[in-house]
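Undergrad: I am attaching a structure below and will ask some questions about it afterwards.
The values are calculated or read from the model by the stated rules, or taken from the named source; none is laboratory data. Just so we're clear, the structure is a prediction, and the values are computed from it rather than from any experiment. Counting neighbours? That spans all protein chains shown, and the Cβs are built from the backbone with ideal geometry, glycine included. In case anyone asks, the SASA skips ligands and DNA or RNA and just uses the protein heavy atoms, side chains included. Shrake-Rupley method; radii C 1.70, N 1.55, O 1.52, S 1.80 Å.
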Amino acid sequence: MLNIHDLTLIYPDGTRAIDSLSFALGKNENIALIGENGAGKTSLLLALAGVIEPTSGSIEINGLSFTKKKLNEVRKQIGFVFQNPDDQLFMPLIYDDVAFGCRNLGMDECEIETIVDETLAKLNIGHLAKRSSLKLSGGEKRMASIATVLAMSPSVLLFDEPTAYLDPKAKRALVQALNNLEHPKIIATHDMPFATQVCNRIIVIQNGKIMKDGDLSLLTSEELLKKYGL
């Protein structure tokens, strides 16, 4: 599904955000990417989403390599939900936010309407279609931002701290929504209880390197959590 091999990302100031990192995401896997602030979680997600070009190494999704020539095709297969929903919601109405990507592809408006309606229904937020994001709660914004990504029919979903800004009720709704989505996922999070509810694999990173890769039992080790600032 998604294969990362020997990936390295060095920023212009010399910061090595990702350091020779390798792993694969399987079809039925939901990975919780955990680590202290500055560990490289967001940098990794940005590289996987094609937002930042890695310094070296390779990324491949469904047999398609990340190259400049194929970058647009690759980006269609990766759905990235940012930490702050306001980074993805900028149109007058939620309907227009969800339709934005489809319209950029030049799709027929009737087809777009069907996609938007089905996507909003899948997340149980059809009632938000004619609302402005300025009038939504944090939980409603989170679900709407996910809808903008799902409308593009990605193969893999990436999330950066999806429980940020959410109250307990909104977090429960998010857990239910993510568990209903069949897409394989990589979720950067500091929220360990959330990770146990949504993910079936844990990857711990520190200084851009994978330190541990295993099942949910990793989260029961107090010694491990303390060691890696969790």
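Undergrad: Of Ile146, Ile115, which residue is aliphatic (A, V, I, L, M) and either open to solvent by 10 Å² or more (accessible area, probe 1.4 Å) or over 20 Å from the mean Cα position of the chain (by Cα) (or both)? Give the derivation first.
TA: On the way: Ile146 fails: either open to solvent by 10 Å² or more (accessible area, probe 1.4 Å) or over 20 Å from the mean Cα position of the chain (by Cα) (or both).
Step by step, each of Ile146, Ile115 is checked, and only Ile115 is aliphatic (A, V, I, L, M) and either open to solvent by 10 Å² or more (accessible area, probe 1.4 Å) or over 20 Å from the mean Cα position of the chain (by Cα) (or both).
Undergrad: Could you give every pair whose Cβ atoms fall below 6 Å, whose first residue belongs to region 1-17 and is in contact (Cβ under 8 Å) with a residue 24 or more places away in the chain and aliphatic (A, V, I, L, M), and whose second residue is open to solvent by 60 Å² or more (accessible area, probe 1.4 Å) and in a strand (DSSP E or B), counting only separations of at least 6 or pairs across chains?
TA: These pairs meet every condition: Ile10/Arg16.
Undergrad: Might you let me know whether region 63-80 holds any residue that is farther than 15 Å from Thr148 by Cα, open to solvent by less than 90 Å² (accessible area, probe 1.4 Å) and in a strand (DSSP E or B)?
TA: The answer is yes; a qualifying residue exists.
Undergrad: State yes or no: is Leu174 within 19 Å of Ala147 (Cβ to Cβ) and either more than 14 Å from the chain's Cα centre (by Cα) or part of a helix (DSSP H, G or I) (or both)?
TA: yes
Undergrad: Among the residues of region 10-38, how many are in a loop (DSSP other than H, G, I, E, B), within 22 Å of Ala195 (Cβ to Cβ) and either among the polar types (S, T, N, Q) or out of contact with any helix residue (DSSP H, G or I) (no Cβ under 6 Å at 6 or more places or on another chain) (or both)?
TA: Number of matching residues: 7.
Undergrad: Report, by residue number, each residue of region 37-79 that is modelled with pLDDT of 90 or more, touching a Gly at 6+ places or on another chain (Cβ under 9 Å) and of a type outside the set (Gly, Ala, Ser).
TA: Residues satisfying the conditions are Asn37, Lys41, Leu44, Ile59, Ile78.
Undergrad: For the structure I just gave you, tell me whether Ile10 is over 28 Å from Asn207 (Cβ atoms), of a type in the set (Val, Ile, Thr), open to solvent by less than 70 Å² (accessible area, probe 1.4 Å) and more than 20 Å from the chain's Cα centre (by Cα).
TA: no
Undergrad: Run down His190, His183 and say which single residue is over 21 Å from Met91 (Cβ atoms), part of a loop (DSSP other than H, G, I, E, B) and open to solvent by less than 60 Å² (accessible area, probe 1.4 Å). Talk me through it step by step, then tell me what you get.
TA: Working: His190 fails: open to solvent by less than 60 Å² (accessible area, probe 1.4 Å).
Sole residue among the options that is over 21 Å from Met91 (Cβ atoms), part of a loop (DSSP other than H, G, I, E, B) and open to solvent by less than 60 Å² (accessible area, probe 1.4 Å): His183.
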